[in-house]
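A quick write-up on the structure given underneath.
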C-alpha cells in the first residue's frame, strides 16, 4: 500500500514537469498570456435595434449625393430580423454637371435621381466572430446580409417601387451599443426627362444606387441582471 501512495505524488510531479516543458516550448511565460474567448455579449433575440448614421452614394458621376438613414429592426432570433429602413438623400452638382450644361447644352436636372427611400428588409446574420487588435484586446463582430423592397421618391417627385440589398458589419461596444457600417443599394425604374438643345424626351430608365453608411446601433430593452 505504501508503494502505491508513493507512486501518486511521483506521477503528479512528472505531469507538472511535462506541462512546464510544453509551456516553455509554446513560449507561454505567464498565466496572463492565456486569453479566454468569452461568449457573445451582444444578445439580440427578442430585442429591438435602432440604427442611425451618415450615408453617401458612390456611383453617381454627375452629382455628389449624401444624406442620412435610420433603421428600426426587431430580432426574432440571433440570426433573423425584420428591419424598417428609411433614408433621405441630398445632392450637390459636380464640375462635370456644370460643364455639360454650359458647353453642350445638356441639362442634367432632368435625369432621375433618388431622393427618399422607405422599405422593409429581412436581415440574416450567419457569421459571428472575434478580432484581435494589435494583440491587446479581442473584439467581437457580426456580419449580416439584407434583402427587401420599398418605395423610392425621385428628384422629380415620382414614387416608384424599388428593391434593396445590403451587407453590413456590427462591432459591439457593450450589450446595448454597437458601431455599424453597411454597403448596399437600391434598384428602380423611373421616367427621366432629358433636355438637349431645347428638345425634351421622356424615357423609362433602370436606375441603381450603391451607397456606404456608417453609424451607431442601440439595442433595447436592456438586459435584466
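Readers should treat all values here as calculations from the given coordinates under stated rules, not as data from a laboratory. Keep in mind that this is a model prediction, so the values were computed, not measured. All Cβ positions, glycine included, derive from the backbone under ideal geometry; neighbour counts span all protein chains shown.
Numbers below:
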read-out	value
Highest-first arrangement of 111-119, 134-142, 167-175, where packing means the average Cβ count within 10 Å	111-119, 167-175, 134-142
Inter-label distance for residue 136 and residue 98, nm, one decimal - labels placed 7 Å from Cα along Cα-to-Cβ	4.4
Cα-based Rg / Dmax (Å) for region 44-220	19.2, 65
Length added when fully stretched, residue 165-residue 183, from 0.36 nm per residue minus Cα-Cα	5.6 nm
Cβ crowding within 10 Å averaged over residues, with 207-215, 54-62 ranked highest first	207-215, 54-62
For a label point 7 Å along the Cα-to-beta-carbon line of residue 128, residues of region 74-93 with backbone N under 17 Å	74-82
Inter-probe distance in nm under a simple model that places probes 7 Å from Cα toward Cβ, at residue 80 and residue 214	3.4
Pair residue 64, residue 158: separation of 7 Å Cα→Cβ label points (nm)	2.7
